[in-house]
Amino acid sequence: MPPFLVPGLGKEEASNICMNHCRAMCCRGPLLLELASEEVDSFLANGERLHVEVRLNRGMNEAAWLKFADHEGERCPMLDPDSFACRIYEDRPARCREFPVRKTPGCAISGG
Ligand code: SF4
Ligand code: SF4
């Protein structure tokens, strides 16, 4: 499912807002990221490739989740701390691809 964007907002403009204005608020702080079972191996492999520690918690049916607060800088280990870009953008988990799913408080690209 594509993310819910303010009507008329293009993907490029949305990315600019995320990185340069919001500074990836949804990729850091007291939040969680859920991974589907089929996403776990590639997420771990990306962590190895980027030489970052990934601390996963296992859920039901081989799914997993991670707390940003368990990682350096309280951010997703895939987040570039300087540019606030996702370093696995083309391979990011479904939860990231689909966020925000609705108008969300604090999320500018959704109009919240
Ligand atoms: S909270 Fe919304 S505007 Fe901010 S980085 Fe996340 S998706 Fe982008
Ligand atoms: S994988 Fe990328 S988009 Fe998803 S939380 Fe981490 S840095 Fe953000």
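None of the figures in this text is laboratory data; all of them are computed from the coordinates on show. Only a predicted model underlies this, so the values are computations on that prediction, with no experimental measurement involved. Glycine also receives a Cβ, built like all others from the backbone with ideal geometry; neighbour counts cover every protein chain displayed.
Values for this structure:
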quantity: Long-range HN-HN contacts of Arg28 with modeled amide H, under 5 Å; calculated: Cys76
quantity: Footprinting exposure proxy for Met19, Met60, Met78 (fewest neighbouring C-beta atoms within 10 Å first); calculated: Met60, Met19, Met78
quantity: Pairwise centroid distance, computed over Cα atoms, of region 61-104 with region 1-56, Å; calculated: 3 Å
quantity: Efficiency of FRET between Glu13 and Ser42 - r from beta-carbon atoms, R0 25 angstrom, step 0.05; calculated: 0.30
quantity: Packing rank of 44-50, 5-11, 34-40, where each peptide gets the mean count of other beta carbons within 10 Å, highest leading; calculated: 34-40, 44-50, 5-11
quantity: Residue exposure sequence - Cys76, Cys26 - by fewest surrounding Cβ within 10 Å; calculated: Cys26, Cys76
quantity: Extension gain, Asp70 back to Lys103 (0.36 nm per residue minus Cα-Cα distance, nm); calculated: 9.1 nm
quantity: Dimensionless Rg ratio for the chain, taking C-alpha atoms and the 2.2 N^0.38 Å reference; calculated: 1.05
quantity: Relative contact order computed over region 28-99 (Cα-Cα under 8 Å; 6+ residues apart), in percent; calculated: 36 percent
quantity: Estimated vicinal HN-Hα couplings, Hz - region 47-53 in sequence order (Karplus 6.51, -1.76, 1.60; Gly, Pro = x); calculated: x, 5, 4, 8, 6, 10, 7
